[in-house]
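Just so it is clear, none of the values below were taken in a lab; they were calculated from the coordinates. Because the structure is predicted, anything quoted here is derived from the model rather than measured. Counting neighbours? That spans all protein chains shown, and the Cβs are built from the backbone with ideal geometry, glycine included.
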């Protein structure tokens, strides 16, 4: 039997992510427990008010809410929680047995992270697990957005996830780089895949004079060789001087003194979640992202982009393995 009154001190600390399930139907709770119970801590409630009470008692990382419930329904609950100062960043996935385009659009417009047909729990449970793990991976609660960036956490996640749901590695990579270019004041982006220390240029975007460089050019760069030996994020605000930086002369001509280099690792989003959102120390290098701009990076911006791209890289690696 599903325990619909799980208290804070009953949560299984062996699993790191707590999901609040809101539905007035007992059978739905039973099905969800059977599908998700081995992967996450599930906190079961029957209505929106009980959900509000549980949110005040336990740390909740994601909410699964039915759309039709007595009293406050799923959409009304979603609308309220999106303006709640304490809980508005929790991803909310709306469930329904009879989905319509209008309902789905309403849920997404109100801020839902996703819209799930209840039939998927029976017909494609792995898809449900994967979608929940993606939402948990891209949750940015622990990464404060620096002032000046023209994007909210929720907006970035929603825009990125639009492509993740249906795209392949290359379209998802382009989506990510386009978001970085347009929303984070990045003037030029290089995205290299690294296999056996050999770079392959997947995407270059921005300044025309920097689009002439290829893999052979990168191999000659001291910064790249240093990066191969010590793959960790770096920040340089004088990238055409003695600090780290690739293609220094062209960067100087283009007036792009600031550069961030980000390693991407052979770690899937599922492995990343199971390791408490940390990259294992022995993880192999899979990619190299460089971001260049004419405005200097603050430390807060560097930390934000490093964390954001490390998380995004785990999703990219999973899709890369499908090529």
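List of remarks:
- DSSP beta bridges fully contained in the chain are about 60 percent antiparallel.
- Relative packing of 196-202, 104-110, which averages over residues the other C-beta atoms within 10 Å, highest first: 104-110, 196-202
- Extending 7 Å from the Cα toward the beta-carbon at both residue 211 and residue 127 defines two label points whose distance is 3.7 nm.
- Rounded to 10°, Cα long-axis angle of helix 299-320 versus longest principal axis of the chain: 70
- From the coordinates shown, Rg and Dmax of the Cα atoms in Å corresponds to which of [x] 23.8, 87; [y] 21.7, 68; [z] 19.2, 60: [y]
- Extended-chain gain in nm, criterion 0.36 nm per residue less alpha-carbon gap, residue 33 and residue 83: 15.1 nm
- Taking 69, 16 and counting other C-beta atoms within 10 Å, the order from fewest to most: 16, 69
- Sites residue 322 and residue 53, calculated FRET efficiency, Cβ-Cβ separation with R0 45 Å, nearest 0.05: 0.60
- A simple spin-label model places the labels of residue 303 and residue 222 3.0 nm from each other, with each point 7 Å out along Cα-to-Cβ.
- For segment 8-137, the spread of Cα positions along each principal axis, largest first, Å: 39, 36, 28
- Value of relative contact order over the chain, rounded to a whole percent, pairs C-alpha under 8 Å and six or more apart: 13
- Once the Cα-Cα distance is subtracted from the 0.36 nm per residue extended length, the residue 26 to residue 108 segment shows a gain of 26.9 nm.
- Computed from Cα atoms, the angle from the helix 26-36 axis to the main principal axis of the chain rounds to 30 degrees.
- Distances between every pair of Cα atoms in segment 153-320, grouped in 10 Å steps from 0 to the bin holding the largest one, split as 10, 41, 38, 10, 0 percent.
- For the chain, the longest principal axis of the alpha carbon atoms and the long axis of helix 101-110 meet at an angle near 70°.
- Projecting label points 7 angstrom from Cα along Cα→Cβ for residue 178 and residue 242 puts them 4.3 nm apart.
- The length gained on full extension between residue 253 and residue 294, counted as 0.36 nm times the residue separation minus their Cα-Cα distance, comes to 13.7 nm.
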